[in-house]
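Taking it in order: structure first as structure tokens, then the write-up.
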Amino acid sequence: MKSAKSKQKINEMRTPARSKQNLNGERDPVQVFCRLRPMQRESDIACMKIISPTTVLLTPPATALSYRNENNKSMKYTFKEVFPPETPQQEVFDKVAYPLVEGLIKGKNGLLFTYGVTGSGKTFTMTGEPHNCGILPRCLNIIFKTINECQAHKYVFKPDKMNMFEIQSEVEAMLERQQELHKFKIGKKNNSNPDLAMASMEVTKVEGLNEDNQYAVFVSYVEVYNNSVFDLLEDGPPMTKNLPAKIIREDAAKNMYVHGVTEIEIKSAEEAFDAFYLGLKRKRMAHTTLNAESSRSHSVFTIRLVQAPVDEVGEAVIQNKKFLSISQISLVDLAGSERTNRTKNTGQRLREAGNINKSLMTLRTCLEVLRENQATGANNMVPYRESKITHLFKNFFEGEGQVRMIVCANPRAEDYDETLQVMRFAEMAAEVEVTKAQVNDIAASIGLVSGRRKANRLFATARDNLARPDAKELELDLGLVYSLGPDFPSLELNSSQAGHIIKELMAHLEMRLDRRETLKRSKALKDERFRAALIDLEKESLEVRGENAALRGQLAASERRIRALEDRLTATENESTSNKRKLNELTEYTSTLKRELQEKELQLSQNKLEKEKMKRILERKYNHKIAAEHERAKEIHTEKEKLRNAIEDKENRLRIIAEALDRGDMEPKNTGEFAAQTSVRDYTPGSTPRALPAHLLTPFSSVPHTRETRDTPASAVSSRRGVAVANPRHRRSLSADGRGWIEHAPNKLVPMGTVMKPSIVNSKVVNKLTTVKDIANAKASKYCLISQEQDTDGELETKLYKGDVVPTCGGGAQVIFNDVEMLKQFSPTRESNRETRESNTQRTSGCARHSGKRRETTHSPPQTPSNTSKKQRVDDD
């Protein structure tokens, strides 16, 4: 069971409401101001005229769409105040925004809209120019000018991510400040914009500041783009526009807020300008026909002022959230309404304009329903949730605070139709009422005396003054706290008979002794009471500590569960939003594809009909030509058969003549021809072909007296090549260069057993390349891959792929192949018909055949363009 004291403390820790409801029901109407923009050109015609400080006259021109409907009727519209085009920015701020800042200091909420068509001067009124600042910079300057001496140290107030704040001790705040200094010790980039810097001017303070409170300012900056909320101050690159969408939630006090929005604690107006300019870089702007820099979203800059009273000593903030007061002022720059027939927007700009107009229409609908409910006492549902901008400021219209609106108008006759709608909306908004906010003095309700902070400062100043060296000689009489009675009486002993004087002195001393004993008994009694109170407090403190530890554990677990659920809810809502958006896009895309498919099918059917018509026409046109071509093809085929028969007869006759010549001429060749053939046969491919005689370089087909020439037909002789040409860049011995080789060969290599067997000395033989160290070796610079297989005739064929080993940057190695050597062995016991066919080929190429094995070697360097043709050489075993 928890004690009553612990329950009471738990109730004190609960989150308080922003302010108590106004029980009297006092209401204030929404104050609507009108500001006219100066005419851009002297030739422009005005359709608006100021007839009094609070009234404008709107006259429709002949070019307006509503000219006929209005019957050329001029209409008057009344506002809280009308600002002419020459009105300075300071005057607009003093009459519109200064009361909102004054209420912010006192703990009241405020909302300020700038409303109008595109290009009417809303952004100029809200932001201003370099030397003519608008409402937002002036609000920041006057706030920090007012609370400058009463600001709390940074991180004393910390956002809890649920639209409330926590109060930290000075030690915790100091730790966070040290972490921030360590994080940004290199230097933070300055995002300030010189265009937003205020010119030197006198900034007045707001009266009525409670000096017994400590204050902190937090700012946030969001935009509503295409009915989605984006945080413009979120961490990331300054110019990025791909920000995640945020959701709007309701806190414990029934106030709406953007969940997960970035709130920056600001200590000066310059820091606030940096944050504002960072968000301004990310805000979506675009060029339109009516405005060079048109806002494509609604921007909301929120200033939240947190204040809490100091303790009775006047130094530290009271560590209790019950005494915390939060007020805010939201400065909203609404995007301008547009008409498509004037802006000529297409694509993305058209979609943005549609969302802007839809949100402004929702705002107008909400105000109309509110006005009807307040006028008739009805309870119609207000459609706040149809637009993010109305959903975010729901608590301002249904709760407490001050709502003000500046209607910016362009008096040109071209903008009459848009301006007419704006004026009607302003007239209707002025009839909506908002409940007044009531402010309670929390310090007075708990018995804290006002002026304690100032007294503490005076005491600290006096203490510092007493600590100076020149103040040590000052005599201070702080007086006695306790006394034993009056001072001794002035008694004089002039004679020995003055016994009464001694009696009086004895009585005075006895009285002082009795007083001393009384004080001792009182002190002992108070000591006992104080000791008992200390023991009770210590016991209670131990109990409270135990309960506090248990409650902290439960609170931490609950916060973890809540945080996890919030994360899941946020992820689910984001996913749902994304899925809805994808579904809409896919639906639109499917409908588009269906329309395109129907068009394509219709077009295909038409093309098919046209092709059928053309086909029938062409068939009728070319039927007789096709029949003629068939007849001609038959004649050509008959002529080919006749020619083929004649060629076969000639070949039979030539074969009979060749067989007769072979039987009649069996004698050997003369000595000169035999010597020439021997020299050709003994020529090795490794020698230089330039050293050979001229007759040996003649192609074999040019020798007239060889037997092979007589036996081989002329067509076969002419189709063969001449003398085999050696490749001088290849050596027969692969180890002639003396480099280290990696010989990559299969396990069972068939031995050649000939003089042309590849011999590689100083080599490392591997069967598999298991590690990179086999190649990436300082001693190995060459690589040879050996493979054996059968060719198409079933003969043994050995190929050697050679290359250079080149090291790579990563510590490995790569092989660049630059040559291929092919070795062949022919069997002497092949079929006779194959031998007859190959014998003719060997006679034409000038090779000799023996009873042993024969071998053919081919070099084919793949990277040398000049050696693309194969070079063959034939040696005997």
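Cα centroid distance between region 145-159 and region 232-267, in Å?
Rounded to whole Å, the Cα centres lie 21 Å apart.
If you stretched the chain out fully between Ile647 and Lys768, how much longer would it get, using 0.36 nm times the residue separation minus the C-alpha to C-alpha distance?
37.8 nm
Please work out the C-alpha center-to-center distance from region 100-140 to region 531-556 and express it in whole Å.
50
Ordered by packing density, taken as the mean number of other Cβ atoms within 10 Å over each peptide's residues, highest first, how do 102-111, 152-161, 780-789 rank?
Top to bottom by mean Cβ count within 10 Å: 102-111, 152-161, 780-789.
Would you mind checking the pairs Lys145/Lys321; Lys108/Lys161; Lys122/Lys154; Lys764/Lys799; Lys358/Lys600 and listing those with alpha carbons more than 30 angstrom apart?
Result: Lys122/Lys154; Lys358/Lys600 exceed 30 Å.
Place a point 7 Å from the Cα of Glu629 along the Cα-to-Cβ direction; which residues of region 581-620 have their backbone N under 18 Å from it?
615-620
Sorted by mean Cβ packing within 10 Å, highest first, what order do the peptides 312-325, 398-411, 539-552 take?
Averaged packing, sorted descending, gives the order 398-411, 312-325, 539-552.
How far apart, in nm, are the 7 Å Cα→Cβ label points at Leu175 and Lys580?
Inter-label distance under the simple model: 4.2 nm.
With each pseudo-label sitting 7 Å past Cα toward Cβ, what's the Lys454-Ala524 distance in nm, one decimal?
4.9
Placing unit charges on C-beta atoms (Lys and Arg positive, Asp and Glu negative, everything else neutral), compute the dipole magnitude of region 525-566 about its Cα centre in debye, rounded to 20.
180
Measuring from label point to label point, each 7 Å out along Cα→Cβ, what is the Ala557 to Glu610 span in nm?
Between Ala557 and Glu610, the simple spin-label model gives 7.9 nm.
Round to the nearest 0.05 the FRET efficiency obtained for Ala316 and Ala253 when R0 = 25 Å and r is the Cβ-Cβ distance.
Computed FRET efficiency for Ala316 and Ala253 comes out at 0.45.
Please give the FRET efficiency for Lys436 paired with Leu350, using the beta carbon to beta carbon distance and R0 = 41 Å, rounded to the nearest 0.05.
0.45
Order 816-823, 796-803, 633-640, 456-463 from most to least packed using the mean count of other Cβ atoms within 10 Å.
The peptides rank, most packed first, as 796-803, 816-823, 456-463, 633-640.
Between rounded, prolate and oblate, where does region 496-649 land on the alpha carbon gyration tensor, with a ≥ b ≥ c its root eigenvalues, rounded for a/c under 1.5, else prolate if a/b exceeds b/c?
prolate
With r as the distance between the Cβ atoms of Asp536 and Ala507 and R0 = 41 Å, compute the FRET efficiency 1/(1 + (r/R0)^6) and round to 0.05.
0.40
All of the numbers you see were taken from the coordinates with simple rules; none came from a lab. No experiment lies behind these values; they were computed from the predicted model shown. Quick reminder, even Gly has a Cβ in these numbers, built from the backbone with ideal geometry, and neighbours come from all protein chains shown.
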